[in-house]
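Visitor: The structure that follows is given in the form of C-alpha cells.
Coordinate-derived values only; no laboratory data. Note that the coordinates shown come from a computational prediction; the quantities given were computed from them, not determined experimentally. Cβ placement follows ideal geometry from the backbone for every residue including glycine, while neighbour counts extend to all protein chains displayed.
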Amino acid sequence: MRIGFFTDSYFPEIDGVTYTIDLWREELRSRGHEVYVVYPDGDYEPDDREIPVASAPNPFYGGYRIPLFKRPSDLPELDVVHCHGPATIGLLGRYYARKHDLPSVYTHHTPLEEYFHQSVRSETVADTLARLYLPLENGFLSTFDVVTASTNRIDREVDHVTLPVGIDMEFFEPSPVDWFADRTVIGYSGRLSMEKNVADVLAVAKELPDYEFVVVGEGPYREQLEAEAPDNVDFWDFLPRTALPTFYSSIDAFATASTADTLGLSTLEANACGTPVVAPDVPPFDRTIGPDNGERFVSGDVRSMATAVETCLRTDRDTRGGVERYAVDRTMSQLEGIYEELTAPEESVRLAFDGPIDDRTDDQVDLSASRRT
C-alpha cells in the first residue's frame, strides 16, 4: 500500500508529532508498505520518500515553519492520504485526496487552540481566536473518512477512533547504564513552552532542595526558565533519540506539569524504561498515569506535586508492565486495519480493536460512526 503522511511538524524540529510520524513510517515500512512524508522544508536532508515543501519561518512559534506552496501534481500516486495536522500541509493532503478520490485519515495530535495564549499577549484576544478556530477545525475534520486520536481528550465535535500513538517497547527499555548512580535525580524531557508548565517543575525543585532536577529540551521559554531556576536544576539541550532510554532509565522519577498533551508520549517512554511518572490529574494523564506507573497531583499545586514526587521515590512499581498496552505493534495493527477497511472493494463497517483506553466495552469499533458521509 502507498501511504502519504502530510504533516506540518517534522525534522529537523523535535517534538512528539515528529517522533510519532518517524516511528509509524518505519513500522509500516517493515510491514511492506511504501510511506511518503510531505513536510515543510528546513535544515534536513530528505530521502527519496520524504517530500519537502518550500516554507518560511513561523513568526508566532519559534522553531516551526509555515509551508508556502506545492503542486499536487508533484506528489506521488498514493492509495491512502493520512494527515497529521490542520495547517497548510494538512490542507494540501485533504485536497490531494479529494482530487484523486482517495480515502483520507486524520490523526489529531495537538489542541492548537491552547497554543494561542503563547503566541498572543492578550488573553482576551487568545480566547477569541480559540473560539473562532474550533468551528473551523471541526469542519475540516468532518471531511475525513476516519479521524483518530490517542485518547478521548480530542475534544472535537467529530466521532473518532481511539488510536494511541504507540511506544517502541524494544527501543525504550531499562538501560544497564546509570548516569546518576550516586544521586537522586528528577527529570523532564520535552518542549520548553508555555503549555508545558515547566515553571511548576522548577517550583517543585525549590521545594525539594535535596534532589537534583534535569530539564532536557528547547523552546521559546528556555531562557526565562533558566533565569528563574534554583541551583539544583540543570538544563540540557535535546538529547539524541538514541540517548533517551539511558536518560529515562537513569532518573528516579519523570515529572511533568503539562496541561496540553494528548497522550504524553515522553511519560510513557519513561515508564517503558522502568521509571515512574509524576503528572497532573488532568487529561490525558487521568487515563494514562495511575498507581501501576506513577502518581498524579492537583494541577497547579506545587505542594501536591512535591508529595507525588516523594511518593514515587519511596515506592516500587512495574511501570513497564503498566504501559505494555501502548506498544506500537498494537497501534500499527489497528492502523493497518483502518487502511484496509478504507481501501477494500466492498466496504466493511467494523474494525478489530484492541485499544486499551477507549470507554467501549466490546472489542470492536464501528468505523461507520467515524467515516465521512
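Visitor: Would you give the gap between the C-alpha center of the stretch 164-221 and the C-alpha center of the stretch 1-52, rounded to a whole Å?
Guide: Cα centroid to Cα centroid, the span is 26 Å.
Visitor: Express the Stokes-Einstein translational diffusion coefficient of the stretch 152-261 in µm² s⁻¹, to the nearest whole number, given a Kirkwood radius over alpha-carbon pairs, 25 °C and a viscosity of 0.890 mPa s.
Guide: On the way: Rh = 15.5 Å.
Answer, rounded: 159 µm²/s.
Visitor: Report the far tail of the P(r) of the chain, meaning the percent of Cα-Cα pairs longer than 30 Å. If you can, show how the numbers build up before the last one.
Guide: On the way: 26658 of 69378 pairs.
Everything past 30 Å amounts to 38 percent.
Visitor: Got the relative contact order for the chain handy, in percent, Cα pairs under 8 Å and 6 or more residues apart? Could the numbers behind the result be given before it?
Guide: Values: 738 pairs, mean separation 53.6, N = 373.
It comes to 14 percent, rounded to a whole number.
Visitor: Expressed as a rounded percentage, what relative contact order does the stretch 140-201 have, with Cα pairs under 8 Å and six or more residues apart?
Guide: Numbers: 27 pairs, mean separation 12.7, N = 62.
About 20 percent, as a whole number.
Visitor: I need the Kirkwood Rh of the stretch 280-324: take the reciprocal of the average 1/r across all distinct C-alpha pairs and report it in angstrom.
Guide: Details: mean 1/r = 0.0922 Å⁻¹.
For the stretch 280-324, the Kirkwood estimate is 10.8 Å.
Visitor: Still on this structure, I have one more. For the stretch 137-254, calculate the relative contact order in percent as a whole number, restricting contacts to Cα pairs under 8 Å that are 6 or more residues apart. Please report the intermediate quantities before stating the final value.
Guide: Working: 154 pairs, mean separation 33.6, N = 118.
Averaging sequence separation for qualifying contacts and normalising by length gives 28 percent for the stretch 137-254.
Visitor: Right, another one. To the nearest whole percent, what portion of all C-alpha pairs in the stretch 136-177 is separated by more than 18 angstrom?
Guide: On the way: 386 of 861 pairs.
For the stretch 136-177, the share of Cα pairs beyond 18 Å comes to 45 percent.
Visitor: Ratio of alpha-carbon Rg to the 2.2 N^0.38 Å globular estimate for the stretch 1-56, to two decimals, please.
Guide: Against the empirical 2.2 N^0.38 Å value, I get 1.07 for the stretch 1-56.
Visitor: Continuing with the same structure: Cα convex hull of the stretch 231-357: how many Å³ per residue? Mind showing how you got there, number by number?
Guide: Values: hull volume 17.4 nm³, N = 127.
Hull volume normalised by residue count: 137 Å³.
Visitor: If you line up the long axis of helix 123-141 against the longest principal axis of the chain, both from Cα atoms, how many degrees apart are they, to the nearest 10?
Guide: Orientation of helix 123-141: about 40 degrees from the principal axis.
Visitor: Cut-off under 20 Å on the C-alpha distance; same-chain residues fewer than 8 positions from Lys206 excluded. Which lysines are left, in chain and number order?
Guide: Within the straight-line limit of under 20 Å, Lys206 reaches these lysines: Lys196.
Visitor: When DSSP assigns beta bridges and you keep just the ones with both residues in the chain, what percent turn out antiparallel, to the nearest 5?
Guide: Values: 7 of 47 bridges.
That works out to approximately 15 percent antiparallel.
Visitor: Apply the Debye scattering formula to the stretch 246-309, with a single equal point scatterer on each alpha-carbon and no solvent, then give log10 I(q)/I(0) at q = 0.23, 0.30 Å⁻¹.
Guide: Values returned for q = 0.23, 0.30 Å⁻¹ are -0.89, -1.37.
Visitor: Mind checking the full-extension length gain between Arg241 and Asp329? Use 0.36 nm per residue of separation minus the Cα-Cα distance, one decimal, nm.
Guide: Working: separation 88, 0.36 × 88 = 31.68 nm, distance 1.94 nm.
In short, 29.7 nm is gained.
Visitor: Right, here's the next one. What 222 nm value per residue comes from the helices of the chain, counting each DSSP H run with n ≥ 4 as -39,500 (n - 2.57) and dividing by all residues, nearest 500 deg cm²/dmol? Spell out each step's value before the answer.
Guide: Numbers: 12 runs with 118 residues, N = 373.
It lands at -9000 deg cm²/dmol.
Visitor: Here's another thing I want to ask about it. Just tell me the longest site-free run in the chain, where the sites are GluC sites (Glu not before Pro) in a DSSP loop having at most 15 other beta-carbon atoms within 10 Å.
Guide: Details: sites that count: Glu77, Glu157, Glu170, Glu346, Glu347.
The longest such stretch corresponds to 171-345.
Visitor: Taking a cut-off of 17 Å between Cα atoms, list the aspartates and glutamates near Lys99, but don't count ones fewer than 8 places away on the same chain.
Guide: Filter leaves Asp74, Glu77, Asp79, Asp145.
Visitor: Over the C-alpha atoms of the stretch 201-287, what are the Rg and the largest Cα-to-Cα span, Dmax, in Å?
Guide: 13.0, 34
Visitor: Which of Thr256, Thr162, Thr343 ends up with the largest GNM mean-square fluctuation for the chain, with Cα atoms connected below 10 Å?
Guide: Of Thr256, Thr162, Thr343, the Gaussian network model singles out Thr343 as fluctuating most.
Visitor: Rounded, prolate or oblate: which one fits the stretch 86-230, using the alpha carbon gyration tensor with axes a ≥ b ≥ c (rounded when a/c is under 1.5, else prolate when a/b beats b/c, else oblate)? Present the calculation step by step, with values, prior to reporting the outcome.
Guide: Details: a/c = 3.00, a/b = 1.61, b/c = 1.86.
Cα axes put the stretch 86-230 in the oblate bin.
Visitor: How tilted is helix 302-313 with respect to the longest principal axis of the chain? Cα atoms for both, answer in degrees (0 to 90, nearest 10).
Guide: The angle comes out near 90 degrees.
Visitor: Cα axis of helix 328-343 to longest principal axis of the chain: angle in degrees, 0 to 90, nearest 10?
Guide: 20
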